[in-house]
Structures are given as structure tokens and as C-alpha cells.
Amino acid sequence: WAKAEGRGRWAVYDPERSAADIARSSLAAGLPAALDRGEFVLHYQPIVSLLDGTMLAVEALVRWQHPERGLIGPDRFIGLAEETGLIVRLGAWVLGQACRDAESWRRAYPDARLVVSVNLAARQADDPAIVETVADALARTGLPAELLQLELTESAVMGSAGEPLRSLHELADLGVRLAIDDFGTGYSNLAYLRRLPIHCLKLAGPFVEGIRADGADADHRDERIVDALVRLAHALELGVTAEAVETAVQAERLRALRCDTGQGRWFGAPVPAEQIRSRLAGGEVAA
Ligand code: C2E
Ligand code: MG
Ligand code: MG
Ligand code: MG
């Protein structure tokens, strides 16, 4: 199989090439046109105070509303968009749309001070134009910088050169908040935490999943890891959000461990923008 991009455009029949590969590249090939046709949509998932249950932020999560295949989740196409480089253009669209939605919520419910949290893929964060892209999204929509949070994984923070991205300081200087996504699953070079302008750690789902009432975690290993990570965050004066909170037991234990905020099906699945608006209308505003 010769690569279908570039000069040659040769496609040699290869019986080894699996049906999954073919499906994958046809999905990848459809991405740019899907972006031009406006087939991507954002859903938003509440990030809730564990103290009093108020919705403090929402995470923007992209989906592809495919005309034939229905709603496709990001795990199926974000990797492809990174490989092809389309993530830079798709990511700019996500930033613009998330800021537009957040600004419309702010105008309708100014007291809520709802933060919108946007994921940045490694390749996007590494893009030389990222600071301009973010500044542009804020300027065009009018969203105050402090109502935008950017989520980067530990490996995205370290960049392709293996050292922390310099653009992080410029992003923080714009006034946006920076969060480390899936914290505890990547490189554990903790040295960067004290040097970088990070505001929040998002504890990866698997640690939260380990907090359970059925005795399967009898020695409370995951709970002790969460305890340690919450203490680490607070020692560094960072906020801490637990991801993938699915049960009342998890929410209660996380609250007892002094975790600040939670996100997950227990507090609400990702939903279209209008449903966030109704939740705001229902009086769920920050104190
Ligand atoms: P993530 O940033 O860690 O997002 C959290 C994922 O956990 C979301 O999956 C969310 O739907 C899922 N989740 C929500 N509640 C629960 C729960 O109670 N339990 C469990 N186990 N999971 C829960 P989703 O929407 O499929 O997104 C997957 C990943 O795709 C995201 O992980 C993020 O890395 C990436 N992604 C999503 N949207 C974007 C985007 O706009 N740009 C970039 N670069 N990446 C994105
Ligand atoms: Mg998914
Ligand atoms: Mg995220
Ligand atoms: Mg995450």
C-alpha cells in the first residue's frame, strides 16, 4: 500500500490491508469536507463544585454529526485529525464555537461566571500560531479571557522538543486558565508543575473508577492516590477536578478528600449547548 497522499496517488491492492484500516482512512479522508460543511458539533459536560453542587464550568467535547453514520465520538477521529494536521483547523473551530457559546451564556446569565474548558491536542498546543488563535477567538467573541480554560495532557505540555512549551506563559499572560488533563497517566516529571502557569489538575478517570463501595478496592489504593494528588495540587495552590465521577459514593468520597470539583455522568453527561442554557436558567449559578 503506497500512501495515497502527495505526488503519486498510488493505491496498490494489498490483501493484508484490513477492513479496519480502510474504514479508518475513509473516515480520515472525509474530515476536511465535514469541517467545511459544518458537520462538527460541540457537547458540553458540567464541572460541578463538590462543596455545594453548583456548576462552575463546562468542558467542550467535539462530535461529528455524520450524515450517514450518525454521531461519531472524538476517540474515533481526533487521532486521525492529529495525524493529518487537520486538528489545527478543527481545533480553531472548536475554540471559536466554545467561546461563542460561553459568551452567549455569560450575556444571559452574567452572575453564573461559567467557565468553558477546551481541549488542546498536542499538535495544536505545539503550533506556532496557537497564542494568536486563542487571542483571536476571545477578541472575535468578546468572551473575557478568565472564562476560558485550556486542557492539555502532560505529554502535550512537554511538547515535541521534550521541554515545556514556551507558549504556555504567553497563553497564561492572555489571562486564560490552564489545566492538566488526565493527570497521573502521562510522564510524571513533576518539576514542571512548579515552574509553569498551571491553574488546575484534572485527575484521570481510572483513579476515580477505583473508588468503589463493592469492596473491589479493599485496600483503598486508588483512593489513597487521589488523596495524595489532591494534597499535591493544593500544596501547589492548584485547583483539582475529578473526571469520570459515576456514583454517589465516588462524589462523596472525593468531597471528603477535599477535591474541589467533579465531572462525570453522576453530575451530568455531555449535552448540547441548549441544555446547558436550561441548566443555567434553572438557577444553577456560582455563589
Ligand atoms: P477528555 O478530555 O479526558 O474528556 C473526558 C471524556 O470522558 C469524554 O469523552 C467524556 O464524555 C467522558 N466521560 C464523561 N463522563 C464520564 C463518566 O462518568 N465516566 C467515564 N468513564 N467517562 C466519562 P469523549 O467526549 O468521548 O472525549 C474523549 C476524548 O477526546 C477527550 O478526553 C479529549 O481528549 C478528546 N477530545 C474531545 N473533544 C476534543 C476537542 O475539541 N479537541 C481535542 N483536541 N480533543 C478533544
Ligand atoms: Mg467517547
Ligand atoms: Mg479534557
Ligand atoms: Mg480527561
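Bear in mind that the values in this text are calculations on the coordinates, not laboratory data. All values reported here derive from a predicted model rather than from experimental measurement. Positions of Cβ are backbone-derived with ideal geometry, glycine not excepted, and every protein chain shown enters the neighbour counts.
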#### Entry: FRET efficiency, 1/(1 + (r/R0)^6) with R0 35 Å, evaluated for L190 and E16 via beta carbons
0.20
### Task
List the GluC sites (Glu not before Pro) within the range 36-75 that fall in a DSSP loop (any state other than H, G, I, E or B) and whose Cβ has at most 12 other Cβ atoms within 10 Å.
E68
### Query
At q = 0.06, 0.11, 0.13, 0.14 Å⁻¹, what log₁₀ I(q)/I(0) does a Debye calculation on the Cα points of the chain give, no solvent, two decimals?
-0.21, -0.70, -0.95, -1.09
### Message
Under the 0.36 nm per residue contour assumption, what length would be gained going from the current alpha-carbon distance of T54 and H234 to full extension?
### Response
62.7 nm
### Query
If you rank Y44, Y192 by fewest surrounding Cβ atoms within 10 Å, what's the result?
Y192, Y44
### Message
Which one, I225, I78, I87, has the greatest fluctuation when you compute a Gaussian network model over the chain with C-alpha springs under 10 angstrom?
### Response
I225
## Note on the structure
Across A242, A137, A228, the residue with the highest GNM fluctuation in the chain (Cα network, 10 Å cutoff) is A228
### Query
Quick one: if the Förster radius is 35 Å, what FRET efficiency do L71 and R224 give, using the C-beta to C-beta distance and rounding to 0.05?
0.40
### Query
For S117, what is the net charge nearby, where nearby means another residue's Cβ is under 10 Å from its Cβ and Lys, Arg count +1, Asp, Glu -1?
-1
### Query
For A33 and W93 in the same chain, what is the full-extension length gain: residue separation times 0.36 nm, less their Cα-Cα distance, in nm?
20.2 nm
### Query
Using the Cα gyration tensor of the range 13-55, with a ≥ b ≥ c the square roots of its eigenvalues, what is the shape: rounded (a/c below 1.5), prolate (a/b larger than b/c) or oblate (neither)?
oblate
### Query
What is the dipole size for the chain, taken about its Cα centre, with +1 at each Lys and Arg Cβ and -1 at each Asp and Glu Cβ, in debye to the nearest 20?
420 debye
### Message
Net charge around I72, counting only other residues with Cβ within less than 15 Å of its Cβ (Lys, Arg = +1; Asp, Glu = -1)?
### Response
+2
### Message
One quarter of the convex hull surface, Cα atoms only: what value does that give for the range 123-218 in nm²?
### Response
7.7 nm²
## Note on the structure
Among P128, V208, G159, the residue whose Cα sits farthest towards the positive end of the charge dipole of the range 107-237 (+1 at Cβ of Lys and Arg, -1 at Cβ of Asp and Glu, taken about the Cα centre) is P128
#### Entry: Antiparallel bridge percentage (DSSP; both residues within the chain; nearest 5)
40 percent
### Summary
Sequence order, the range 83-92: Karplus ³J(HN,Hα) from phi using 6.51 cos²θ - 1.76 cosθ + 1.60, θ = phi - 60°, Hz rounded, Gly and Pro as x, gives 4, 8, x, 4, 3, 5, 6, 4, x, 5
#### Entry: Listed residue (L143, A248, I180) projecting farthest to the positive dipole end of the chain, Cβ model
L143
### Query
Comparing L56, L257, L90, which has the greatest mean-square fluctuation in the GNM of the chain with Cα pairs linked when under 10 Å apart?
L257
